[in-house]
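The values are calculated or read from the model by the stated rules, or taken from the named source; none is laboratory data. Just so it is clear, the model here is predicted, and its values are computed rather than measured. Cβ placement follows ideal geometry from the backbone for every residue including glycine, while neighbour counts extend to all protein chains displayed.
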Amino acid sequence: MGIKAGDGEHALSRIRAWSISWILVWCAVQPTFAAFEVGGGGAYSSALAGALSTSVESVESVWFNPAPSARIGTSSVSSTHGTLWSGLEESPSVHLVSGAWVSRWGAVQVGYAMLRAQGWDEKGLLMGVSRVLSARFALGAQVQRNGWDAGRLARHHWVGNVGFLYEAGWVTRKTYVRFSGVLANIGSSLRNAGRRTGQRPRSITVGMQVMGNGRVGNVDWRREADRWELRVGYESELRGDLMVRLGGRLYVAETVNRTGHAGLGYEWRNMRFDYAFSQSYDLGRFGAQHRFGVGYVW
Amino acid sequence: MTFIVLPGIVGGQSQVADWLWNEDDAALLITNHVLLTSDVGLELDSLPPDRNVALGEVAKNDFGQRVPLTDGEISLVASEWISNTPNVFGRHFTIDLGRNRAITRVRMRPGQTALNQPEYYVRGYRVEAALANEVDIWRLLAEERNNFNLLIDTQLDSTWRVLSEDEPVSRVGQHVRFTITRQDRSNWVALGDIEVYAEGFEHEGSAVLKWSFEEPVNVGRIRWQAEVSDETALMLYAKDRDDTRDWSTLFPMDQNGLFGGAEPSIGIEILGEFTTANPFATPRWQQLEVEYDRTLVAASAIGSVLPNLVDKGQKTEVTYSIEVEVNDGNYGIDRIVLDGAAMDIQHILIDGVTFEEGRDFSFSSSDEEAQTEIYLEPFNKVDKDAVVQIVGQVLFLNESYEIGFRVGNSLQETSDGYLNWQNGLEKTVGSWTVKASGQPGQLLSTVELSQRPFSPYEKDVLEFSFVVSNLNNPTDVVLSLYDLSGNRVRSVRQNGSARKYTIRWDGKREGGQTVDPGLYLYEVEVRGSGDKGRRRGTCVVAY
């Protein structure tokens, strides 16, 4: 997984060949929000995403920008598992299986995620499509059925996400830039009969990715109701098949939560192995997040 | 000035009597720096003009070292400051008066060395003052650039610079600085003592009122009227006249609170402590009212507890025994409060007869207030001499417990509109003390949640219950709740001591909105010097 400089078309093909998952994560920008994603190049367990930021707040957090999967052009299946706050005796856990199939028309994505804790069971089912509309522009859309079950009480709802990916291209001889945006949780309903539903409010995310010489830098900004967050990430190639990732996240609501991230990605033939570690500066005493992922790409 | 005592409720009828503090034989007033005036009542006395308010306070030189210039002495070496060099320009001495004073005059007495060798005088000086909260802003009091006097006295030498049109006025300050502003080649300096004089009120004082009753009574509410302006305070304390405890061990009374001393009482003492941080302001104690009841709940009630030595951190069965003497003229007992312990009562024995909860009595206990209140059914009222034994479990977490008690009567409450508890007496010294020894283990126990999931629309609160042990110093116990984004949604704080806690969360954010359904992180934290403990977990909100 890595990015080499070259002419535009050649470099883009090498990106496809080298770095399916993190491209999704960062190209799509939204991936940095997710603990694991349905990758743009196919279903791919990208624990790497956590290397750049990633905090899991609900099953809805695990999905990302639907647009890039059509751009990547590689099918995949993956599985990811993680603990969210390792310092707790009953640490919540997340589990995901996902897949993406790419055809000439575009890509189809399917995924199923669970967030589990004592007395709380949260699930999300996702289906999405994406398509390259021009050499520079790709568009994608998803529908999700999310829900939680707390024993005698349960709720379910449908929401949609729309995302785009714009290839700005080579702005210098060695620097490639792309932009993306996501409008998420369309159709969510925050209140029902005067009570809050627990659904996430509609959010908007914009981001930029800069690549070159085997390194990738990302920055994105997300706004959700009166909260916002800023995420930055960096990935570098240690060897041709081993990547190291670092990231940070600033989340601002009533209080501030700052998080640091580190991760590794390894390729062996068609297999992908990833590990991501996240530690909050403000809530580090609750423990860290650990995520492991394995995927198969063809 | 007339002060009023309500002599209490006799047969349900209140009586009012005028009472002059210093004219009634039954009352004795002892004051210290407090003055009784007919128009305003008791207030802090004025500072005498000849009081040196710097005496005994801390004086330091320009190197921050203490110097003996406020000890009232000027004797050789030990009580004076000698420059040992003619290079004295800029040397200064600062006196901390401890509080803001309205300074009217400063005197600098020469040291004995200067009296023996008069050339050791100060050639030029400046005296300044700074307020307690503006220690870097010095305001001029007096200045003389060409001095020939051994004794510097701002009143005598007319150097006082704080002047109105026709007379000197004071300057308020806590710090006084004396600076030498001139030096001669052969002129050493020997200073003996710096004296500061001020006007206004004394900064603290006290008055003790001693009152005797004609017969043993049950003292009730104590009310007073006072004028307490900013920067002043008046604290009142009350005890039985035979109570030998030091005033400092007592808690101040609440306005309109019940008397907390031993009862029945044939005399009480009330202490008023006056303080002010403003030299020109004083609290004024204008009026006092004491209610008392000649009809007692019981002629006497004497309590003790067993065992007196227990293991710390263990729930222990204790028996609280109350020997009561009830006469025909007494109300009788149907209410009992144990102060100092939250007891889980198993049963009550009255003269050996077992009384069961629900059928014969009910009770409530509060860990937060360390209190247990018992309600006897009306037909079980104790209206004759008896021994009441209260048997139950108590969790002991501190080193020592003093478990006192009060008895009351519901009829009296109905008649008078409030329950005038009669405080019980300790059988012998230490007989209601429980000592706990050993180590109870961890500082903070596991946290138990009352519900999972919690619905704010079905239950009012989610209770987080836990036990704090081994806490040496009072500290804060804090419950914080976070959503999974790491955003703190609520923080609830309680004053801490070693005891069982139940902290309640109403499912709302700091701003008052109900939180979304979801998974939340909680953290219980004990903060304090030397004592720290944390417990964390998750809770579920669903509706």
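In the range B:432-451, the residues that are at positive phi form Cβ pairs under 8 Å with partners that are of a type outside the set (A, V, I, L, M), at six or more places apart or across chains, as follows: B:Gly438/B:Asp311; B:Gly438/B:Lys312; B:Gly438/B:Gly313; B:Gly441/B:Gly313; B:Gly441/B:Ser469; B:Gly441/B:Asn470. Step by step: first the residues of the range A:71-88, then only those that are touching a Ser or Thr at 6+ places or on another chain (Cβ under 9 Å) and closer than 22 Å to B:Gly537 by Cβ, then the one that is farthest from the other protein chains (Cβ to nearest Cβ). Which residue is that? Residue satisfying both the conditions and the ranking: A:His81.
Take the range A:265-298 and flag every residue that is of a type in the set (Lys, Arg) and either touching a residue at least 24 places away in the same chain (Cβ under 8 Å) or closer than 20 Å to A:Tyr234 by Cβ (or both). If the condition is that a residue be of a type in the set (Lys, Arg) and either touching a residue at least 24 places away in the same chain (Cβ under 8 Å) or closer than 20 Å to A:Tyr234 by Cβ (or both), then A:Arg272, A:Arg285, A:Arg291 are the ones that fit. Mind listing whichever residues of the range B:497-543 are surrounded by 18 or more Cβ atoms within 10 Å (Cβ to Cβ), β-branched (Val, Ile, Thr) and at the interface with chain A (Cβ under 8 Å from one of its Cβ atoms)? Once the filter is applied, which keeps residues that are surrounded by 18 or more Cβ atoms within 10 Å (Cβ to Cβ), β-branched (Val, Ile, Thr) and at the interface with chain A (Cβ under 8 Å from one of its Cβ atoms), the range B:497-543 yields B:Val515, B:Thr538, B:Val540. Scanning the range B:124-149 for residues that are closer than 18 Å to B:Phe89 by Cα and either acidic (Asp, Glu) or not assigned by TED's automatic domain parsing to the domain that holds B:Thr104 (or both) yields a total of 3.
Applying the condition of being polar (S, T, N, Q) and in a loop (DSSP other than H, G, I, E, B) to the range B:419-432 and asking which residue is surrounded by the fewest Cβ atoms within 10 Å (Cβ to Cβ) yields B:Thr428.
Looking only at residues that are in a loop (DSSP other than H, G, I, E, B) and among the aliphatic types (A, V, I, L, M) in the range B:338-361, which one is surrounded by the fewest Cβ atoms within 10 Å (Cβ to Cβ)?
B:Ala342
When each of B:Asp460, B:Asp476 is tested for being outside the structural domain of B:Lys312 (by TED's automatic domain parsing), more than 28 Å from A:Trp148 (Cβ to Cβ) and surrounded by fewer than 18 Cβ atoms within 10 Å (Cβ to Cβ), the lone residue that passes is B:Asp476. A single entry from B:Gly404, B:Gly358 fulfils the requirement of being small (Gly, Ala, Ser) and within 35 Å of the chain's Cα centre (by Cα): B:Gly404.
Looking at B:Asn470, B:Asn398, which is the one that is under 25 Å from the mean Cα position of the chain (by Cα), at negative phi and in contact (Cβ under 8 Å) with a residue 12 or more places away in the chain? Within the list B:Asn470, B:Asn398, the selection yields B:Asn398.
Take the residues of the range B:430-446 that are at pLDDT 90 or above and either of a type in the set (A, V, I, L, M, F, W, C) or in contact with a Pro (Cβ under 7 Å, 6 or more places away or on another chain) (or both): which is nearest to B:Asp516 (Cα to Cα)?
Within the range B:430-446, the subset at pLDDT 90 or above is B:430-435.
Imposing the further condition that a residue be either of a type in the set (A, V, I, L, M, F, W, C) or in contact with a Pro (Cβ under 7 Å, 6 or more places away or on another chain) (or both) reduces the set to B:432, B:434.
Working: B:Trp432: 50, B:Val434: 47 Å.
Out of the qualifying residues, it is B:Val434.
Restricting attention to the range B:162-186 and to residues that are surrounded by fewer than 16 Cβ atoms within 10 Å (Cβ to Cβ), assigned to a loop (DSSP other than H, G, I, E, B) and over 40 Å from the mean Cα position of the chain (by Cα), the residue that is modelled with the highest pLDDT turns out to be B:Asp184.
Filtering the range A:220-243 down to residues that are in contact (Cβ under 8 Å) with a residue 40 or more places away in the chain and of a type in the set (A, V, I, L, M), which residue is surrounded by the most Cβ atoms within 10 Å (Cβ to Cβ)? Within the range A:220-243, the match that is surrounded by the most Cβ atoms within 10 Å (Cβ to Cβ) is A:Met243.
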